[in-house]
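Colleague: Take a look at the following structure, please.
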Amino acid sequence: MAKSKSKLKNALLRQLGKDPVRDKQRKISRRQPKTSKRKETDGDGVVVNGADKDVEGWEDEDEDENEDENEDEAPELVDAARKASKKSAKVAVTEEEDDDDDEEEEEDEEEEGVELEEKEEEKEEDDEESDIAFSDIDGDDLEAPDTLPYQKLTINNHSALTQALERIALPLSSLPFVEHQSLTTDVPVEIRDVDDDLSRELAFYKQALDAANLGRKKLAKDGMPFARPTDYFAEMLKDDEHMGTIKQKLLDEAANKKAAAEARRQRDLKKFGKQVQFAKLEERNKAKKDTLEKIQVLKRKRQGTDTDFTNEADMFDVALDDAAAPGGRRDKKDRDPSGRSKAKRQKKDQKYGHGGKKRFSKSGDAASSSDLTGFSARKNKTTFSGTKKKRPGKSKRAGTR
Amino acid sequence: MASVYKSISKTISKDIKDDDGIKRNKQRVLVLTSRGVTYRHRHLLKDVVAMLPHSRKDAKLDTKSKLYHLNEIADLYNCNNVLFFEARKRQDLYMWMSKAPNGPCIKLHVQNLHTMEELNFTGNALKGSRPILSFDAAFDQTPAMTLIKEVLLHIFGVPKGARKSKPFVDHVLSFTIADGKIWFRNYQISEAEPTKKVDDDIEKSMSLKSKKPTEQTELSLVEIGPRFVMTPIIILEGSFGGPVIYENKEFVSPNAVRTDLRNRRAQKYNSRTEEQQRLEIKRKELGLEVGKAKGELDESVLFA
């Protein structure tokens, strides 16, 4: 095909006085109509878009008849190819396209005068479509400038399609609904963003639900059964085993979710648990101390050694006493020289071991050096038990002898 | 003799018969795959066969080039529809829908395929119950899509009284056009008593106005699966043959997509190596050669 075409073209070009040396350009032009090797379609009722059609048209028809057209066209083709090689084929291709359409119409006029009006209508539609396709291609080219722009030639043979449809179509209008059970929506389903799963699935769901409702109504009108009775058991699309796995999966999912929630709760609890525990212990200790104090007071009362002070405290409201106790009355004995309370020290001892700080515990400080409780002058004069007594001088020894 | 009778009687179109003046929708579908399908494609086939009680499953077809043999196989099984799954390169699935003896033939590319088994939807339906087919109105906008809709109706619609079909309707098959593709969904119709506490009064008024027994239950849908998306590629006038009467210009073959991807990756590598070479040349020009032996007076040698 391609070879004969190029020969033809060469001959034509020679006739026109053009140089057939431009091999590269022709190569590019041959590369452009990619679909030229496609099967030739039927002569009547076939509408082929784009530049390929007229190339094939040359072969089919006598050259003498169409020579005028060809003369007009051949330089165009070469021009288009050259422009395409410069990657600015947009304008050229569109011009070409327009020319082609005109020619096609002319040919049709020559060949068939009967179906002319119909054809023209179809062609107009086709032209519109091909225009849209052009814009698409342009957009793509803008995105990827490296790709060679070529028009994808497509076939959309409306008359053949409708003919095929007529041949196989069920007479839906005369068939009762029960026979086919098909419904078409009144308006096209609009999905704004196909990539948005949720909205897309919702649109599908709505379409199906509407169909289900309408179908039930129609079947009810015909008196046909719709719902399966509850005691009707039969093989299902998914067998019990499969449904079991699905059920198990759902259960597992729910369990996982629950476990995750529990784990999170535990984590949070752990975060605050220490504080809570501490507060609880504190409270318990406080309650213990209070009861002990009360017992002490009672004991003293019994012994009769209770002072005015305790009497007075008894006479007042106990709650007031309790409230005032931690803040106000505090003996100086309770406090450490360092300023911290004994209770805290005790607490810490309990927690970390009761010795407290071991470091420097044996080294003396101001208090220990000034502490003379363990000092006795007599003991201070005694020698250490380990040391030998000094031998007295010679004269003394001589004197004692 | 029987075969002669068969061939003669077959000339009468079998789709619609006038028995006792009642028009009938008679369809039988031959379902099969090519060789080289993956497990997923096989599972889809299993699902489709389970959904279509009027289908006849056949062994895998050996050839991918001589598809016209399918017409004979369909004839053998008395099928007037063929649903043929063709797998290429063990990854791309094409679906051929054909009206067997001489009807049109549609080739579609199947994408986003999820079978019933892997989807784990809770919906379920009777095996062989007749579905309600729901089509998008966008199917009627172009002649090609109208034709596709008709063929889908023949293949996926279970004809009344088909063998092994059940007389109840409990699922909907929906075909929607979005993004130039046909999206397939399968839903179970579940009927539930309407919520009584919320709109008791409304219901009372409704029941007073219209006492229809069918209106009492509320319909809701639960998806069953499978899911897939089909892109029409071409329509042939004959069955697995004949002239092309439609071609989708928006269709990009998966091979082209992959090539593009590979080229883009190659470009990345090429540009990187080019850059490296340029850098090397530049270094040489400036006398800064890399990997040159260290001289005696090199700083790192002197002050080591």
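The values are calculated or read from the model by the stated rules, or taken from the named source; none is laboratory data. Being a predicted model, the structure only gives us computed values, none of them experimental. Don't worry about glycine lacking a Cβ; one is built from the backbone with ideal geometry, like all the others, and counts go over all protein chains shown.
Colleague: So which of A:LYS218, A:LYS247 ends up being in contact with a Leu (Cβ under 9 Å, 6 or more places away or on another chain), within 27 Å of B:VAL48 (Cα to Cα) and modelled with pLDDT of 90 or more? Before the answer, list the steps.
Modeller: Values: A:LYS247 fails: in contact with a Leu (Cβ under 9 Å, 6 or more places away or on another chain).
The match here is A:LYS218.
Colleague: Sticking with this one: Would you check if there is a residue in segment B:109-123 being crowded, with 21+ Cβ neighbours inside 10 Å, without any contact (Cβ under 8 Å) to a residue 40 or more places away in the chain and at the interface with chain A (Cβ under 8 Å from one of its Cβ atoms)?
Modeller: No, segment B:109-123 contains no residue that is crowded, with 21+ Cβ neighbours inside 10 Å, without any contact (Cβ under 8 Å) to a residue 40 or more places away in the chain and at the interface with chain A (Cβ under 8 Å from one of its Cβ atoms).
Colleague: Any residue in segment A:203-228 that's of a type in the set (Phe, Trp, Tyr): show its pairings with residues that are surrounded by fewer than 17 Cβ atoms within 10 Å (Cβ to Cβ) at Cβ separation under 7 Å, as long as the two are six or more apart or on different chains.
Modeller: Hits for this filter: A:PHE226/A:ALA220.
Colleague: On to the next question. Among (1) of a type in the set (A, V, I, L, M); (2) out of contact with any Phe, Trp or Tyr (no Cβ under 7 Å at 6 or more places or on another chain); (3) under 30 Å from A:GLU241 (Cβ atoms), which single condition is B:LEU126 missing?
Modeller: Unmet for B:LEU126, out of (1) of a type in the set (A, V, I, L, M); (2) out of contact with any Phe, Trp or Tyr (no Cβ under 7 Å at 6 or more places or on another chain); (3) under 30 Å from A:GLU241 (Cβ atoms): (2).
Colleague: Anything in segment B:223-262 that is in a strand (DSSP E or B) and at the interface with another protein chain (Cβ under 10 Å from one of its Cβ atoms)? List them, or say none.
Modeller: Listed by number, the residues that qualify are B:GLU223, B:ARG227, B:VAL229, B:ILE234, B:ILE235, B:LEU236, B:VAL244, B:ILE245, B:TYR246, B:GLU247.
Colleague: Let me ask something else about it. Just to be sure I understand the filter: pairs with C-beta atoms under 8 Å, separated by 6 or more residues or on different chains, first member in segment A:333-350 and modelled with pLDDT of 80 or more, second member not in a loop (DSSP other than H, G, I, E, B). Which pairs pass?
Modeller: A:LYS342/A:ASP334; A:LYS342/A:ARG335; A:ALA343/A:ASP334
Colleague: Which condition number does B:ARG262 fail, the rest of (1) in contact with a helix residue (DSSP H, G or I) (Cβ under 9 Å, 6 or more places away or on another chain); (2) at pLDDT 90 or above being met?
Modeller: B:ARG262 satisfies all of (1) in contact with a helix residue (DSSP H, G or I) (Cβ under 9 Å, 6 or more places away or on another chain); (2) at pLDDT 90 or above except (1).
Colleague: Residue under question is A:LEU161, and the condition is that it be surrounded by fewer than 19 Cβ atoms within 10 Å (Cβ to Cβ), facing another protein chain (nearest Cβ under 7 Å) and within 30 Å of B:LEU236 (Cα to Cα); does it hold?
Modeller: Criteria not met by A:LEU161.
Colleague: Related question: Restricting attention to segment A:225-255, which residues are over 30 Å from the mean Cα position of the chain (by Cα) and among the hydroxyl-bearing types (Ser, Thr, Tyr)?
Modeller: The answer is A:THR230, A:TYR232.
Colleague: Also, I was wondering about something else. For segment B:186-198, enumerate the residues that are over 23 Å from the mean Cα position of the chain (by Cα) and either assigned to a strand (DSSP E or B) or not aliphatic (A, V, I, L, M) (or both).
Modeller: The answer is B:SER190, B:GLU191, B:ALA192, B:GLU193, B:PRO194, B:THR195, B:LYS196, B:LYS197.
Colleague: For segment B:101-185, list the strands (runs of 3 or more DSSP E) that sit wholly inside it and hold at least 1 residues that are in contact with a Pro (Cβ under 8 Å, 6 or more places away or on another chain); which are they?
Modeller: In segment B:101-185, the matching strands (runs of 3 or more DSSP E) lie at B:105-114, B:171-178.
Colleague: Something else: One residue is enough: does segment A:370-392 have a residue meeting the conditions in a helix (DSSP H, G or I), within 30 Å of A:LEU292 (Cβ to Cβ) and at pLDDT 55 or above?
Modeller: Scanning segment A:370-392, I find no residue that is in a helix (DSSP H, G or I), within 30 Å of A:LEU292 (Cβ to Cβ) and at pLDDT 55 or above, so the answer is no.
Colleague: Suppose we filter A:GLU201, A:GLU190, A:GLU179 for residues that are assigned to a helix (DSSP H, G or I) and more than 7 Å from chain B (Cβ to nearest Cβ); which single one remains?
Modeller: Answer to the selection: A:GLU201.
Colleague: Would you mind stating whether B:LYS99 is more than 7 Å from every other protein chain (Cβ to nearest Cβ), within 19 Å of the chain's Cα centre (by Cα) and of a type in the set (D, E, K, R)?
Modeller: Criteria not met by B:LYS99.
Colleague: Could you list all residues from segment B:233-251 that are touching an Asp or Glu at 6+ places or on another chain (Cβ under 9 Å) and either without any contact (Cβ under 8 Å) to a residue 60 or more places away in the chain or over 17 Å from B:SER65 (Cβ atoms) (or both)?
Modeller: The initial filter retains those residues of segment B:233-251 that are touching an Asp or Glu at 6+ places or on another chain (Cβ under 9 Å), namely B:233-235, B:237, B:243-245, B:249-250.
Selection gives B:ILE235, B:GLU237, B:PRO243, B:VAL244, B:ILE245, B:LYS249, B:GLU250.
Colleague: Being more than 7 Å from chain A (Cβ to nearest Cβ) and surrounded by fewer than 22 Cβ atoms within 10 Å (Cβ to Cβ) is the filter here; which residues of segment B:160-176 pass it?
Modeller: Hits for segment B:160-176 are B:GLY161, B:ALA162, B:ARG163, B:LYS164, B:SER165.
So that you can scan it fast, the table gives a plain yes or no per residue for (1) among the basic types (Lys, Arg); (2) out of contact with any Phe, Trp or Tyr (no Cβ under 9 Å at 6 or more places or on another chain); (3) under 30 Å from A:GLY223 (Cβ atoms):
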| residue | (1), (2), (3) |
| --- | --- |
| B:LEU219 | no, yes, yes |
| B:VAL222 | no, no, yes |
| B:GLY225 | no, no, no |
| B:THR231 | no, no, no |
| B:ILE234 | no, no, no |
| B:GLU237 | no, yes, no |
| B:GLY241 | no, no, no |
| B:GLU247 | no, yes, no |
| B:PRO254 | no, yes, no |
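Colleague: Now for a separate question. Filter segment A:204-228 down to residues that are among the hydrophobic types (A, V, I, L, M, F, W, C) and more than 7 Å from chain B (Cβ to nearest Cβ) and give me whichever is nearest to B:VAL169 (Cα to Cα). Lay out the reasoning, then the answer.
Modeller: The initial filter retains those residues of segment A:204-228 that are among the hydrophobic types (A, V, I, L, M, F, W, C), namely A:204, A:208-209, A:211-212, A:214, A:219-220, A:224, A:226-227.
So of that shortlist, the ones also more than 7 Å from chain B (Cβ to nearest Cβ) come out as A:214, A:224.
On the way: A:LEU214: 13, A:MET224: 10 Å.
Only one residue fits best here, namely A:MET224.
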